[in-house]
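The values are calculated or read from the model by the stated rules, or taken from the named source; none is laboratory data. None of the values given here were measured: they were computed from a predicted structure. Ideal geometry is used to build each Cβ from the backbone, glycine not excepted, and the neighbour counts take in all protein chains shown. Ligands, DNA and RNA are excluded from the accessible area calculation, which covers all protein heavy atoms including side chains. Shrake-Rupley method; radii C 1.70, N 1.55, O 1.52, S 1.80 Å.
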Protein chains: 2
Amino acid sequence: MAQKPSIPKGTRDFSPAEVAKRNYIIQQIKEQFEKFGFQPIETPSFENSETLMGKYGEEGDRLIFKILNSGDFLKKADAAALKQQDSTRLTPSISEKALRYDLTVPFARYVVQHRNEIDFPFKRYQIQPVWRADRPQKGRFREFFQCDADVVGSDSLWQEVEFVQLYDAVFSTLGLEGVTIKINNRKILSGFAEVIGESDKLIDFTVALDKLDKIGEEGVKKEMKEKGISSEAIEKIQKVFGLKGDFSEKIVVLKDILGPSEIGQKGIEELEFINSAITELHLSTAKLDLDVTLARGLNYYTGAIFEVAAPQGVAMGSIGGGGRYDDLTGIFGMSGVSGVGISFGLDRIYLVLEELDLFPQTVARNIQVLFINFGSRESLYCLKAIKELRAAGIAAELYPEEAKMKKQMAHANKREIQFVVLAGAEEMASNKFTLKHMKSGEQSSVNLSELVEKLA
Amino acid sequence: MAQKPSIPKGTRDFSPAEVAKRNYIIQQIKEQFEKFGFQPIETPSFENSETLMGKYGEEGDRLIFKILNSGDFLKKADAAALKQQDSTRLTPSISEKALRYDLTVPFARYVVQHRNEIDFPFKRYQIQPVWRADRPQKGRFREFFQCDADVVGSDSLWQEVEFVQLYDAVFSTLGLEGVTIKINNRKILSGFAEVIGESDKLIDFTVALDKLDKIGEEGVKKEMKEKGISSEAIEKIQKVFGLKGDFSEKIVVLKDILGPSEIGQKGIEELEFINSAITELHLSTAKLDLDVTLARGLNYYTGAIFEVAAPQGVAMGSIGGGGRYDDLTGIFGMSGVSGVGISFGLDRIYLVLEELDLFPQTVARNIQVLFINFGSRESLYCLKAIKELRAAGIAAELYPEEAKMKKQMAHANKREIQFVVLAGAEEMASNKFTLKHMKSGEQSSVNLSELVEKLA
């Protein structure tokens with residue numbers, strides 16, 4: 001009769017050890033966010049459907065989880081859609097709410113809704129789960145956390161500079177040295193399309209270019225040709241495919257390629273500003289690199305585009321990304337507000353730290369001492385000591401049952417608790433405690449204040 | 001054309017100040033949970049519908065938010081239910097998942113699913129949002145956080161003792177002194193029903209008794225009579241209505257009333273054990289009180305029942321509650337596992353702390369210093385200093401735009417930032433910074449190391 005319990009595919013339970021590790025990463029990110037002047041907000045898990053629908057393209061609309069209206073939802077159902085068995089058309093009439101798909105659209109909605117309370121520029125961070133009805137696969141989940149920091153209401157390129165510093169600060173703090181912060185600019189991509197005379201094919205062009213890593217130069221060229229971009233056009237940006245060297249060297253080549261394009265020149269200018277500031281300010285452990293193939297959500301970004309790659313040798317997609325979008329809040333009727341932001345990929349950062357063994361030993365806040373339970377009188381004696389220990393900031397507990405000694409010690413072992421205290425009739429008579437170090441087996445007889453001291 | 005943005009009723013946006021206050025409460029609760037040896041777990045926001053449905057009664061089933069299946073959901077829809085326009089019957093065929101309604105059922109599911117990885121007794125805590133399609137009203141939301149601590153796999157009454165201590169520790173830490181931890185026991189209520197010869201009317205009896213506070217003795221008696229409990233029966237427990245005095249005095253009366261009831265005697269024994277332990281161990285600021293009218297989710301609890309009342313003078317419902325349930329995991333086919341747990345009411349605790357002005361001044365982690373932006377060269381000079389400040393743990397930022405001085409100062413004022421730094425050509429020439437205290441207006445000229453020192 002019993003149900004065999006399971007969870008929906010693409011979702012996860014997190015054990016105590018996993019929660020501790022996840023919280024460790026989140027805590028480090030939060031601390032840097034706050035040091036950089038970002039303030040936390042939180043938005044509801046579900047939004048009105050009209051807030052989300054149409055904001056992520058057709059594919060996005062399909063991947064949004066919709067919440068069924070409560071009660072007798074069929075009463076208000078679209079009769080025609082029902083009759084024609086048209087699920088898509090029926091949906092708006094039986095579902096008014098949907099789960100958050102990302103943190104950016106809810107943030108835009110928040111800014112517009114609370115515009116009168118906000119003093120711009122507004123630097124906010126938000127760390128909350130989002131949901132996508134995507135096909136689950138390795139590293140891709142239907143519920144996952146996003147960790148976003150954005151600034152709205154400032155066109156200043158200093159924001160981009162600060163975001164590069166922020167990435168560096170977070171990954172350095174996590175001990176993840178040697179990440180590459182890749183930067184590009186939408187204006188560079190527009191410039192390319194312009195100089196080859198294919199501005200109307202900008203999307204096709206960049207989607208193909210974005211694949212250079214995966215399918216190589218010939219593959220990219222083939223795809224461009226299939227999209228109707230001529231060989232002569234492609235020839236004009238031949239140098240893009242072989243772009244090498246450090247940031248400044250690449251800039252020199254770009255200046256040559258993009259000479260005739262005003263927007264391209266503007267893109268170069270912005271990149272140079274950011275790079276020279278970062279050169280002056282120094283990064284701790286990260287490296288800033290120019291990657292002109294970087295496109296990400298191109299329809300979205302209007303200026304800088306960021307992506308962070310794990311250190312060399314770690315096979316992992318990007319562990320962060322972001323960029324500037326000139327009209328974040330326009331979708332909600334508040335135009336001319338520029339935004340720029342970055343995101344940290346919690347799940348992937350977790351996997352990288354795990355692979356490189358970078359989680360601190362102390363990340364799981366285990367109790368320090370387990371008191372063995374010898375019976376009622378002894379337990380009370382122990383609980384008095386435990387109370388003092390906790391007041392001194394020491395995590396301690398009493399084994400709840402008067403179980404066999406062996407079982408209690410095994411429990412301490414399994415939970416990797418460092419110390420146990422044994423306090424029976426003898427100890428009680430002399431107001432002492434026997435403190436045992438589990439690993440060494442070493443025992444000592446101590447009074448309460450010595451116990452607090454030893455464990456503090 | 002623009003959509004006027006809003007959020008679904010019963011949900012909330014949290015501003016930076018609100019997030020900071022909520023996180024402060026959560027952090028205090030978490031720290032005590034961990035000191036007491038509880039370990040964190042997290043479960044998915046949505047569960048398979050069969051995991052949740054039927055676990056909270058008919059009313060609960062209706063209040064669970066269901067997620068519409070993705071894609072062409074009508075394809076698998078129950079044709080008969082569709083034809084009859086039967087929303088309730090249709091639901092299971094178009095919705096396989098549902099949002100978490102509380103943390104207890106997902107915890108039970110977790111325990112059964114991961115039984116082989118868990119070493120019992122298992123003390124877990126969980127702080128996550130839950131969703132209920134309840135009618136929103138003051139203090140009742142459709143999305144809210146629960147903060148639960150539970151132990152499974154132990155019958156020991158020491159757990160109840162520890163939960164009383166835990167409540168005391170959390171509320172004392174929050175500065176919320178004088179809360180009353182009310183305790184009762186299902187066995188006492190069963191005993192009452194037994195001695196009046198109405199064991200089969202236990203639920204009706206306790207539902208009525210639970211209202212003593214609200215409708216008074218006559219009201220309760222009236223309701224009991226309406227439910228078919230005779231005047232003679234009610235007469236037998238007349239003393240319950242006037243129960244007064246401290247814990248021990250009430251126990252004396254209870255012993256008299258429940259003399260003939262074995263289960264009642266067992267309840268008294270358990271209450272006495274807990275009370276005498278707590279008397280020995282002392283509470284810091286809370287008070288333990290026996291409240292025999294306390295029932296809460298009676299169908300659920302089998303032993304102790306807890307509820308915490310705000311300090312006298314604060315008009316607020318319970319700010320915490322819990323109890324023991326002997327067969328937590330039975331619904332998922334793992335029987336004989338006893339659980340006991342308590343919960344903290346985050347939203348209400350928030351309101352109480354607000355009302356009593358108990359949030360620390362420092363709860364919002366604001367930046368300490370804003371650097372005024374005088375232009376590009378000056379900004380770079382400032383960012384070098386800001387980098388040093390952040391490395392020293394000081395939250396600092398540069399105003400992103402070269403805006404008018406007045407506007408930048410107003411921003412600092414609005415955000416209640418304590419200090420601003422002014423660094424123009426003069427300061428740069430002498431490698432100095434002008435540090436201004438916003439409130440006093442006091443200014444001083446300092447070098448970088450003095451700046452770090454002053455702000456640290």
Equivalent ellipsoid dimensions for segment A:393-436 as semi-axes, Å, which come from the Cα gyration tensor, largest first: 19, 14, 9
Taking chain B and dividing mean pair separation by its residue count, relative contact order in percent (alpha carbons under 8 Å, at least six apart): 15
Shortest-first distances to equivalent copies, position A:GLN84, nm, label 7 Å out along Cβ: 2.9
Proportion of all alpha-carbon pairs of chain B beyond 30 Å (%): 59
Chain-alone versus full-assembly comparison, segment A:69-91, residues with accessible loss of at least 40 Å² (1.4 Å probe): A:SER70, A:PHE73, A:LEU74, A:LEU82, A:GLN85, A:SER87
Efficiency of FRET between B:ASP326 and A:ASP78 - r from beta-carbon atoms, R0 45 angstrom, step 0.05: 0.40
log₁₀ of I(q)/I(0) at q = 0.20, 0.24 Å⁻¹ - segment B:369-455, Debye sum with one point per alpha carbon: -0.88, -1.32
Debye intensity ratio in log₁₀ form over the Cα atoms of segment B:1-97, taken at each q of 0.15, 0.23 Å⁻¹: -0.93, -1.17
Ellipsoid semi-axes in whole angstrom, largest first, where each is sqrt(5λ) of the Cα gyration tensor of segment A:1-55: 30, 24, 8
Tail beyond 19 Å, pair distance distribution of segment B:208-283 (Cα, percent): 48
Rounded accessible area per residue of chain A, 1.4 Å, Å²: 43
Rounded Å value of the spacing that divides the Cα centres of segment B:43-114 and segment B:299-366: 26
Length added when fully stretched, A:ASP347-A:SER335, from 0.36 nm per residue minus Cα-Cα: 0.9 nm
Crossing angle, helix A:262-281 versus chain A [Cα axis fit, 0-90 degrees, rounded to tens]: 30
Structure-based [θ]222 nm, chain A - -39500 (n - 2.57) summed over DSSP H runs of at least 4, per residue, nearest 500: -12500 deg cm²/dmol
Interface residues, segment A:325-357 - accessible area loss of 10 Å² or more versus chain alone, probe 1.4 Å: A:ILE331, A:PHE332, A:GLY333
Estimated FRET transfer efficiency when R0 is 25 angstrom, pair B:ASP134-A:ARG140 (beta carbons, to 0.05): 0.15
Residues in segment B:174-202 that a label on B:GLU232 would reach, taking backbone N under 12 Å of a point 7 Å out along Cα→Cβ: B:197
Cα long-axis angle, helix A:346-355 against chain A (0 to 90 degrees, to the nearest 10): 60
Zero-based 10 Å bins, Cα pair distances in segment B:92-195, whole percents: 11, 27, 36, 22, 4, 0
Separation in nanometres of the label points that stand 7 Å from Cα toward Cβ, at A:ASP13 and B:ALA315: 4.5
Alpha-carbon Rg/Rh ratio, for the protein assembly as shown, with Rh computed the Kirkwood way: 1.01
Per residue Cα convex hull volume in Å³ - calculated over segment B:276-396: 237
Given B:LYS211/B:LYS266; B:LYS21/B:LYS214; A:LYS55/B:LYS9; B:LYS9/B:LYS182, the pairs whose alpha carbons are separated by over 27 Å: B:LYS21/B:LYS214; B:LYS9/B:LYS182
Accessible area that becomes buried as B packs against A, both chains, 1.4 Å probe, Å², nearest 100: 9200
Spacing of the two label points (7 Å from each Cα toward its C-beta) at A:THR88 and A:SER248, in nm: 5.4
Occluded residues from segment B:388-409, i.e. those whose accessible area drops by 30 Å² or more once the chain is not alone (1.4 Å probe): B:ARG390, B:GLU397, B:PRO400, B:GLU401
Amide proton proximity set for A:ILE67, modelled H, under 5 Å, gap of 5+: A:LYS97, A:ALA98, A:LEU99, B:LEU68
Residue-count net charge about B:PHE371 - beta-carbon cut-off 13 Å; Lys, Arg +1, Asp, Glu -1: -3
Computed FRET value (nearest 0.05) for A:SER6 with A:ILE215, which takes r as the C-beta separation and R₀ as 41 Å: 0.60
Label geometry 7 Å along the beta-carbon vector: B:LYS138 inter-copy distances in nm: 5.7
Alpha carbon centroid spacing (whole Å) that separates segment A:124-168 from segment A:397-412: 45
Segment A:333-387, Cα convex hull volume normalised per residue, Å³: 237
Degrees separating the helix B:104-113 axis from the principal Cα axis of chain B, which is the longest one: 90
